[in-house]
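Working notes for the structure below.
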Amino acid sequence: MPIKFIAQFFKLESISGILLGLLSLTALILMNSPLRHFYLHLVSSSQFVINDALMSFFFLLVGLEIKREMMVGELNTFRRSLLPGVAAIFGMAIPALIYMGFNFGHFRTFRGWAIPTATDIAFTLAILNLLKSRIPLALKVFVTALAIFDDIGAIIIIAVFYAKQMHYVYLALAAGIMIILFIMHYIKISRIGTYLLLGGLLWVCILKSGIHPTLTGVLLALMIPIEVIPRVENKFHYWVAYFVLPLFAFVNMGIPLEKITLSSLLTPVSLGIILGLWLGKFLGIFSSVFFMVKTGIARLPTDCTWRMLLGASFLCGIGFTMSLFIGDLAFSGSILELARAGIVVGSLLSGICGYLILRTQ
């Protein structure tokens, strides 16, 4: 991947992370002020459009990023992809196991096991960008690659474990549209508008089928020719980073602070998420990389030290966007509020620990 593109990507994601933080803070302030009813009205009237429709464009960009990295980028060889790939797997498995341990035997809350498995690339890169010259480029590339594998895992989890009752007629229609998209990809049709039109029809069919419609973005991305990807990204990347994701944070971060008490944070849901993000991510990533490097299977990223990797492993515990998304699929009502509180606390602890470790190296 060209160095210029990497620098632009890091800068864009860093600014997006700052906007996510500002809109999240705004949502918290509104929810805990006399304007609470106004905020709740905004959320109730816009949540479906933002969470189910606009977030499809976020998943489209995720899918495009995955495809490009696998074909021509940092993950296009087995050796390059091995270290971040294995680290991502353990970085998802350990947090899930921690959450399951706290919620074993509780059917209603066990469903949230996937919430602490995610890494928010926007927030993570925003913090890495604050450290500037202290962090080698190779470490940023490693974290980005790990987050991409993380996204692949999250997409599979959402499709398999969070689908509703299936409607097979709409699934068949969706399959038919995918066949048309595949033919277009094969004969290298490059008109973006045609792909987006069929993508809209695919979104409706997947929505009606019972699968979460945002996965349309990933399916559409896989069918877009590699030569067209830069044009699609240029068209949507800024819009998603500066508008869609901050709006998503705004409508999903309205947590009533009076309900966040020590006892609520010690519930199995909140505690499982907090420890999963804060300690599970760190343990899964750092231990798997340590084992692979010490056994000679892989090497540390260029110019990276173990202390840098330790800090980066903690930073990957910032779940936020994808964690909130999965939480919204898994829960509702008071349990969702507990999950969101756990996501905020777990992400904050991860971010603070990671930043302090990297800042004092």
If I go through the stretch 210-235 residue by residue, how many of them are over 16 Å from ALA53 (Cβ atoms) and either of a type outside the set (Lys, Arg) or open to solvent by less than 10 Å² (accessible area, probe 1.4 Å) (or both)?
14
Looking at LEU128, LEU60, LEU64, LEU97, which one is closer than 19 Å to SER350 by Cα and within 18 Å of the chain's Cα centre (by Cα)?
LEU128
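Inside the stretch 189-205, can you point out the residues that are closer than 15 Å to PHE57 by Cα and open to solvent by 10 Å² or more (accessible area, probe 1.4 Å)?
ILE192, GLY193, LEU196, LEU197, LEU198, GLY200, LEU201, TRP203, VAL204
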Please tell me if PHE78 is over 15 Å from the mean Cα position of the chain (by Cα) and of a type in the set (Phe, Trp, Tyr).
yes
Collect the residues in the stretch 303-361 that are out of contact with any helix residue (DSSP H, G or I) (no Cβ under 9 Å at 6 or more places or on another chain) and on the phi > 0 side of the Ramachandran plot, keeping them in residue-number order.
GLY333
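Quick one: which helices (runs of 4 or more DSSP H) sit completely within the stretch 35-137 and have at least 1 residues that are in contact (Cβ under 8 Å) with a residue 60 or more places away in the chain, open to solvent by 20 Å² or more (accessible area, probe 1.4 Å) and in contact with a Ser or Thr (Cβ under 6 Å, 6 or more places away or on another chain)?
Numbers: elements: 36-48, 55-71, 78-103, 107-110, 121-131.
Helices (runs of 4 or more DSSP H) meeting the threshold: 78-103, 121-131.
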Residue pairs within 8 Å by beta carbon, gap of at least six or interchain, first lying in the stretch 167-180 and more than 10 Å from LEU202 (Cα to Cα), second at pLDDT below 95, listed first then second, are HIS167/LYS208; HIS167/SER209; HIS167/GLY210; TYR168/SER209
Failed item, numbered, when LEU283 is tested on (1) in contact (Cβ under 8 Å) with a residue 24 or more places away in the chain; (2) open to solvent by 40 Å² or more (accessible area, probe 1.4 Å); (3) under 14 Å from VAL143 (Cα atoms):
(3)
Quick check: is even one residue across the stretch 188-196 touching a Leu at 6+ places or on another chain (Cβ under 7 Å) and touching a residue at least 12 places away in the same chain (Cβ under 8 Å)?
yes
Of the residues in the stretch 246-274, those that are in a helix (DSSP H, G or I) and open to solvent by less than 10 Å² (accessible area, probe 1.4 Å) number 9
Restricting to the stretch 288-312, give me the number of residues that are within 15 Å of VAL141 (Cα to Cα) and open to solvent by 90 Å² or more (accessible area, probe 1.4 Å).
3
Could you check the stretch 296-323 and list, in sequence order, the residues that are touching a residue at least 60 places away in the same chain (Cβ under 8 Å), farther than 14 Å from LEU146 by Cα and assigned to a helix (DSSP H, G or I)?
MET308, PHE320, THR321, MET322, SER323
State which residue is surrounded by the fewest Cβ atoms within 10 Å (Cβ to Cβ) when the search covers only the stretch 236-245 and only residues that are hydrophobic (A, V, I, L, M, F, W, C) and under 15 Å from GLY17 (Cβ atoms).
PHE243
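The values are calculated or read from the model by the stated rules, or taken from the named source; none is laboratory data. Since the model is a prediction, treat every value here as computed from it, not as a measurement. Counting neighbours? That spans all protein chains shown, and the Cβs are built from the backbone with ideal geometry, glycine included. All accessible areas refer to the heavy atoms of the entire protein, side chains included, with ligands and DNA or RNA removed. Shrake-Rupley method; radii C 1.70, N 1.55, O 1.52, S 1.80 Å.
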